[in-house]
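The values are calculated or read from the model by the stated rules, or taken from the named source; none is laboratory data. Values in this document were obtained by computation on a predicted structure and should not be read as measured data. Ideal geometry is used to build each Cβ from the backbone, glycine not excepted, and the neighbour counts take in all protein chains shown.
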Amino acid sequence: MRRWAAAICAVLLAGGCSSAPVRIESKALPTPSLESTDRFIIAAIDNRPIGFTARAGSTPRGYDTIVPYGPSSSAQRLMRAVEAQYGLSEVSSWPIEPLHMHCAMLKIPDGADRQALLETLSHDPRIRLAQPLQSFATRTAYNDPYVELQRGFQQMNVGDAHPWSRGEGVRVAIIDTGVDTEHPDLAANIAAAENFVDSDTLKFRSDRHGTEVAGVIAAVANNHQGIVGVAPGARLLVFKACWQLRLDADAALCNSFTLARALVAALNAKAQVVNLSLAGPRDPLLSELIRVGLNRGMLFVGAAADDSQEGAQGLMQQSGIIEVASAERPVASALLAPGREILTLLPGGHYDFASGDSIATAEVTGVVALLLERDHELSATRAYQVLRDTSARPAEASASGPHVDACGAVTAVIGRGTCTHPALDQRLAEHAGHSAMH
């Protein structure tokens, strides 16, 4: 009998025969302190994979005999030559398979002008990419007892969407700080966790920002605890690429190198949608990785840049990324979602309210996961059109504009179904009352 139970457990891996939390994989490489990134650059050179060569009709004896992707000896020699010529010191290096390049984080010589050095490197035919190491910052009918307090959940009509979709099995990558992988309202929905910042598991699980984002997207439903995620059936892939600055605050910083490694992890894990609740400058390396993901059918949801930064081109302002802003702080080109005082998770099994574009972005990522359950081939363009065209204006007089409506978007994708719209119903009732008075 025990053997049968073991066999069933092996087959139903997602069914929960074991409630053990997911193991956090440490993937950190050396990286400079957050305060000193202005003395570092990223450079990359071509690193084509070595193909398997054999006589006609033969095949490898097993997949374990295939050489894993790594830096070729010629690429390593070339990088050393570049370092020696320009006085650069390697901090970390990493072969990026999706881009067929060998990438290095390098410290520039003391007293050197970084911009002038990058200009020189950009004209060196051996170098495929040269850029500064840049910094990014986070934007800051259920039995679940707190569901009535979930303001965004109600305003976005998420409850009406769940009979049609709960995001079952959709792989959502969260590139952020760490996450409390043992939170009782989240643990069951975390499929993998990797740390590209350090090897501190306790710190990973105590990070606030990523925990808040993960809770909004996929807090467990109907477990008699806490809240309900927008996509409670989604499978979360947590990739820590950002350092939380303080234990008691959400602010966090990331850099080009850690974000690039997390994006490749999302590509390798075949994530269907990637949540990027952060903002920062246009970055050639990150943009190229995002383009690879888009070409593979991945969807990216990111926090919109601030409209006040005139002329600034942020990372999220590129074709294919679904930009999101808080409805309380609208941005012209972005979709809107509630972003003020949204109830979500905190580390240590706690709950609290959080605000900002990061939270609004997570809400829309959850809605995208709902759409992907019903249409696995959904393109970024189609997803954006559906979310934009079905957005609904909330009832509050102070509301700035229409925001994403989960039920409207899901029923538009499947081509059937009806939704109740509390905001619209309230406005109609008020209008009827006003007319009766006259």
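Tabulated results
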| item | result |
| --- | --- |
| Condition check for THR211: at negative phi, in the same structural domain as GLY339 (by TED's automatic domain parsing), in contact with a Phe, Trp or Tyr (Cβ under 8 Å, 6 or more places away or on another chain) and among the polar types (S, T, N, Q) | no |
| Scope region 94-111; condition small (Gly, Ala, Ser) and at pLDDT below 95; matching residues | GLY111 |
| Exclusive hit being touching a Leu at 6+ places or on another chain (Cβ under 8 Å) and not charged (D, E, K, R), set SER89, SER122 | SER89 |
| ALA395 vs. criteria more than 20 Å from ASN275 (Cα to Cα), out of contact with any Cys (no Cβ under 8 Å at 6 or more places or on another chain) and either modelled with pLDDT under 90 or crowded, with 19+ Cβ neighbours inside 10 Å (or both) | yes |
| Filter result (crowded, with 24+ Cβ neighbours inside 10 Å and outside any helix (DSSP H, G or I)) within region 352-379 | ALA354 |
| Residue match in region 151-172 (condition: assigned to a strand (DSSP E or B), assigned by TED's automatic domain parsing to the domain that holds LEU263 and either at pLDDT 90 or above or not hydrophobic (A, V, I, L, M, F, W, C) (or both)) | yes |
| Output for region 246-264, where each listed residue is crowded, with 24+ Cβ neighbours inside 10 Å and either β-branched (Val, Ile, Thr) or not assigned by TED's automatic domain parsing to the domain that holds SER199 (or both) | THR258 |
| Odd one out for VAL413 among (1) modelled with pLDDT of 95 or more; (2) within 18 Å of the chain's Cα centre (by Cα) | (2) |
| Scope region 274-284; condition surrounded by 24 or more Cβ atoms within 10 Å (Cβ to Cβ) and closer than 19 Å to ILE96 by Cα; matching residues | VAL274 |
| Segments classed as strands (runs of 3 or more DSSP E), wholly inside region 206-284, with at least 2 members that are at pLDDT below 95 and under 29 Å from GLU90 (Cβ atoms) | 242-244, 252-255 |
| Hits in region 374-385 (condition: in contact with a Phe, Trp or Tyr (Cβ under 9 Å, 6 or more places away or on another chain) and closer than 20 Å to ASN157 by Cα) | ARG374 |
| Residue check for THR177: assigned by TED's automatic domain parsing to the domain that holds SER256, modelled with pLDDT of 95 or more and in contact with a Gly (Cβ under 6 Å, 6 or more places away or on another chain) | yes |
| Flag for ARG382 being modelled with pLDDT of 65 or more, closer than 24 Å to ARG296 by Cβ, among the basic types (Lys, Arg) and surrounded by fewer than 19 Cβ atoms within 10 Å (Cβ to Cβ) | yes |
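Yes/no per residue for (1) farther than 27 Å from ARG374 by Cβ; (2) surrounded by fewer than 24 Cβ atoms within 10 Å (Cβ to Cβ); (3) not aromatic (Phe, Trp, Tyr):
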| residue | (1), (2), (3) |
| --- | --- |
| LEU149 | yes, yes, yes |
| GLY152 | no, no, yes |
| ALA173 | no, no, yes |
| HIS183 | yes, no, yes |
| LEU186 | no, no, yes |
| PRO232 | no, no, yes |
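Here's the yes/no breakdown for (1) at pLDDT 95 or above; (2) crowded, with 20+ Cβ neighbours inside 10 Å; (3) closer than 19 Å to THR31 by Cα:
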position: SER122; (1), (2), (3): yes, no, no
position: ARG128; (1), (2), (3): yes, no, no
position: GLN134; (1), (2), (3): no, yes, yes
position: ARG139; (1), (2), (3): no, yes, no
